[in-house]
Amino acid sequence: MPFGVDEAGKGPALGSMFAAAVFLEDRTALPDGIADSKRLTPARREELATLIREDDEIAVGVAEITTTRIDDPETDMNALAVTAHAEAIDEALSGLCDDSVSGLCDDSVSGLCDACDTDADRFARRVADACSISSGLDIDARHGADDDSTLVGAASIIAKVERDAHVAALADEYGPVGSGYPSDPTTQTFLESYVDEHGDLPPCARASWSTCERALAEAQQTGLEQF
């Protein structure tokens, strides 16, 4: 049984990172039009994610890495990417004995991750070691796997839809926050305005990111200059 794994939201200054794992018996069971999520419109991603989740022959696992975990000084993004991939795999595997995906409990499984490390082989080894279920698990990793593999592409779609829903929820709570990426002017404006008003970063900010540190430092400097 093959599977693919990918993440979304590793680089933004706001919000969680998500990883998704997609397992299936037969690659032809994937809906038509699967591609790297970056190559699809939001509406098409939503449509494909719904089709993937509604198929009883496909098992999906999602992991969320919150800003609290991202800002933990005891870890780093490479380690968190490993954790996210492993947690997504574990969640999907935990459902393989359900009636909806019957007969797969004793099968060995092999899968492909989109590598989040300069050394793809090292990333694969670290993800395999981090998985709770290690027996019969064979994991590979490649750079650009979301372009080369439809299964990893399917995982990228699920992860991106989860991330987009998360950002939409942040916008519902805080107003326009943009994409969350440091280069996004809307995100920059949101951070500056929030810090100006509250004197601190919003809970959704990755406080350890230089973009957030800079916004907070500039606001504090402005406050000092007013005295």
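The values are calculated or read from the model by the stated rules, or taken from the named source; none is laboratory data. Every value quoted in this text rests on a predicted model; they were computed, and no experiment measured them. Glycine gets a Cβ as well: all are built from the backbone with ideal geometry, and neighbour counts include every protein chain shown. Calculation scope for accessible area: heavy atoms of the full protein, side chains included, ligands and nucleic acids excluded. Shrake-Rupley method; radii C 1.70, N 1.55, O 1.52, S 1.80 Å.
Values for this structure:
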| item | result |
| --- | --- |
| Accessible-area value, residue 46, 1.4 Å probe, nucleic acids and ligands omitted, Å² | 90 Å² |
| Nonlocal amide H pairs with residue 140, under 5 Å, H built at 1.01 Å | 111, 112, 113 |
| Point-to-point label distance, residue 94-residue 133, nm (Cα→Cβ direction, 7 Å offset) | 1.1 nm |
| Computed E for residue 186/residue 25 - FRET, C-beta separation, R0 45 angstrom, nearest 0.05 | 0.60 |
| Rough spin-label spacing in nm, given labels placed 7 Å along Cα→Cβ, for residue 66 and residue 54 | 3.2 nm |
| Relative contact order computed over the chain (Cα-Cα under 8 Å; 6+ residues apart), in percent | 28 percent |
| Region 174-224 - accessible surface per residue (Å², probe 1.4 Å) | 54 Å² |
| Which of 83, 150, 68 is most accessible, then next, and so on - probe 1.4 Å | 68, 150, 83 |
| Surface share of carbon and sulfur [accessible, 1.4 angstrom probe, percent] for the chain | 46 percent |
| Leading residue at positive end of dipole, the chain (Cβ point charges), from 30, 185, 161 | 185 |
| Under 11 Å, Cβ to Cβ, from residue 45 - net charge with Lys/Arg +1 and Asp/Glu -1 | 0 |
| Order of exposure, largest accessible area first, which applies to 210, 132 with probe 1.4 Å | 132, 210 |
| Within the chain: Cβ-based charge dipole about Cα centre, in debye rounded to nearest 20 (Lys, Arg +1; Asp, Glu -1) | 520 debye |
| Solvent accessible area, Å² - residue 126, 1.4 Å probe, full protein context | 90 Å² |
| FRET efficiency for residue 171 and residue 208, using Cβ-Cβ distance with R0 set to 30 Å, rounded to 0.05 | 0.85 |
| Whole-Å distance, taken between Cα centres, linking region 1-40 and region 139-173 | 4 Å |
| Axial C-alpha extent at least 30 Å, average Kyte-Doolittle at least 0.0 - helices from the chain (DSSP) | 150-174 |
| Space enclosed by the convex hull of the alpha-carbon atoms of the chain, per residue, Å³ | 122 Å³ |
| Summed side-chain charge close to residue 67 - residues other than residue 67 whose Cβ falls under 14 Å, Lys, Arg +1, Asp, Glu -1 | -2 |
| Net charge over other residues, Cβ less than 12 angstrom from the Cβ of residue 132 (K, R count +1; D, E count -1) | -4 |
